[in-house]
Structure formats: C-alpha cells, structure tokens
C-alpha cells in the first residue's frame, strides 16, 4: 500500500501536461453540455409543435384550386322543370351560393335549416346542384322540408360535380357577381361559418348579399 | 426465418384489388396508361386509396372520365392537368414540385444534410480529442509483486 502511494505521487508531478489536458477536456465538455441538451430539446419542441398543429387540422378538408378562379361552365336540367336549365350565366350579376347536395347525404339534412334561414334572412341567392340523386326523392325533400333554392340543377352523372372539384356533400361555394369562386366550404353550412367565413368575403367584393 | 418471410412478403408485389368492372380500352397502350394513371390518382373521398382501388362513386366517375379522355386522344399530362385544375395537388400521390409542395420534396434531403453535418462534426470532435493516456493510470495495477 505504502509503496503504491509513493509511486503515484512522483508520477503526477512528472507529467503535469496530462493533468492539464484532462482539465481542459472537462471544461470544454461542460461548455457544450448546455447545447447537448438544448439542441435536442429544441428539435423535439419543433416536432411537437408540428404534430400539435397537424392534429388540429382536418385532413378531409382539401383546399380547392378553384378559389379565385372563374366558376366552371355548366348547364344542367332543373329539378322542378327538366325542360328548363340552370347554368353558369344564372350566377352572374349578384353574389350567390352554390350548394351541392343530395337526399342520401346526412350532412345536407343537417344544414337544411341553415340554408332556409339564410335564404329568408340574408337575401343571398342560393342555387343547388343535386348530385347523383333520385330526382323524385329530391323533389319530395324540398316539398316537405322547404326549398331554400332559387334553382336546382340535376347532376345525375356527376360530371358537373367533377368540374367543380366536388368530392363530398355538402359543399357550398361562394360566387362573386363576376362569376369568380370566392370561397368553398366543405361540411354542413352553419350560421357561424356564414358569419366568420362568408360575410367578410362578401363585404370584400363590395356586394350586398 | 419468420421475420425473413415477412420481409419477403412485404417487398413482393401486392395483389391489387381492382374495383374497375368496366370493359378494357381497345388499345392496349391506352389501357396501360389508364391503369398507371388510376393508380396515381388519390380518391378524395377515402383519401388513402387510389381511384383504381376505391369503390366510392366519385372514384368510379373519375375512372370513367379518365377513360373517356384517353379514348378521345388526351395525353397523360392533359388528364393530370384536368384533375389538378379541379382537385388540386393533393389528388396526385406524387404531387408536382411547386412552392406549396417544396417542403414535401425537400424535407428528406434537408434532414439528411443536417444529419450528415451533425455526424461529421461529432466524428471530427471525437478525432480531435486527445487519446486518453491510461496506460499506467486508472487501470488497476497488475498484481503488485512484493519482491
């Protein structure tokens, strides 16, 4: 034991460079310690932020490339009178809504009250596109629940719906007086959505609904 | 062995369930284009299926529309533009490179770059560290002889 102690003491004295370099290594490590924790923590925080934002988003809502562009050209036979047509020209000259619906769509039933309220109270012209539906059922639906539409076009084949980029019902488009698509709402229409999304956009184009 | 089998199964060609009951296009080249296209187009109703795999009515409508367009002489690019104009970039499983999709395409490269730089720095720092001289310190003395 004694021999060991006497041996190591002169050893350290002989090699001071070793002690110094060890000290340096220690110091530089403690200098980067903060970074070693902060960088991964920051990256982790970033990842969490991305996930939190992503979780809050509804992946079924796909932004429409039609917004800001002219509404597509179409001509459809009317539900109330197949001899007459409803087409793009009917949308011009006023701000209007184009609502894609079907009697097979539960969301359409859900929003029907809202559409009736809007047609009555806001005065905006609401047009309907009856999408891949049974026409008899559609007529009965409007008779029993009330008809908020100025005109309804029948899209039996779904060809017009493709041109409008429709991928589910209900969808509601806001059309400006010049025929430009101003906004597209996917999901049932509510008065809340009307106030927060539609009214400001109607005001922006300077048209009274 | 079981794991290997699973890997082979996962890598192998998967049987695709064709929802497409329509007759084939008369031109085999067009039919091939049609099949390739329908496997690249997302069904927006069911999002994680192509329109070739989806039984949604909209997928059937889009398939018939693509078939009509090809039969009428539209090119593959024209069909894609047709779909993009209506449904946006999300409709293609391989979206175009644009400002809005740049992150999607560049993120893997950026991450690889960042990882590579980090790895390089770590390796360099390790290489620069003095080799610990532990030849006679730290290690327990080998059976001290008491002679």
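A few points about this structure:
- Full-stretch length increase - residue A:38, residue A:57 - with 0.36 nm per residue and alpha-carbon distance subtracted: 4.0 nm
- 19 Å cut-off, amide nitrogen to a point 7 angstrom out along residue A:117 Cα→Cβ, residues in the stretch A:180-199: A:185-199
- Difference of contour (0.36 nm per residue) and Cα-Cα distance, residue B:68 to residue B:25: 14.5 nm
- In this calculation the C-beta distance from residue B:104 to residue B:78 is compared with R0 = 22 Å, giving a FRET efficiency of 0.35.
- Note on the stretch A:132-209 and the stretch A:84-131: Cα centroid distance 4 Å, given to the nearest whole angstrom.
- Each peptide among A:115-125, B:94-104 gets the average number of other Cβ atoms lying within 10 Å of its residues, and from highest to lowest they stand as A:115-125, B:94-104.
- In terms of surrounding Cβ atoms within a 10 Å radius of their Cβ, A:35, B:105, A:101 rank from fewest to most as A:35, B:105, A:101.
- Take each residue in A:157-169, count the other chain C-beta atoms within 10 Å of its C-beta, and the mean is 5.
- Fewest neighbouring Cβ atoms within 10 Å first, the residues B:122, A:126 line up as B:122, A:126.
Read-outs throughout are calculated quantities, based only on the coordinates presented, and are distinct from any laboratory measurement. Keep in mind that what you see is a predicted model, and the values were worked out from it rather than measured. With ideal geometry, Cβ positions are generated from the backbone for all residues, glycine too; neighbour counts draw on all protein chains shown.
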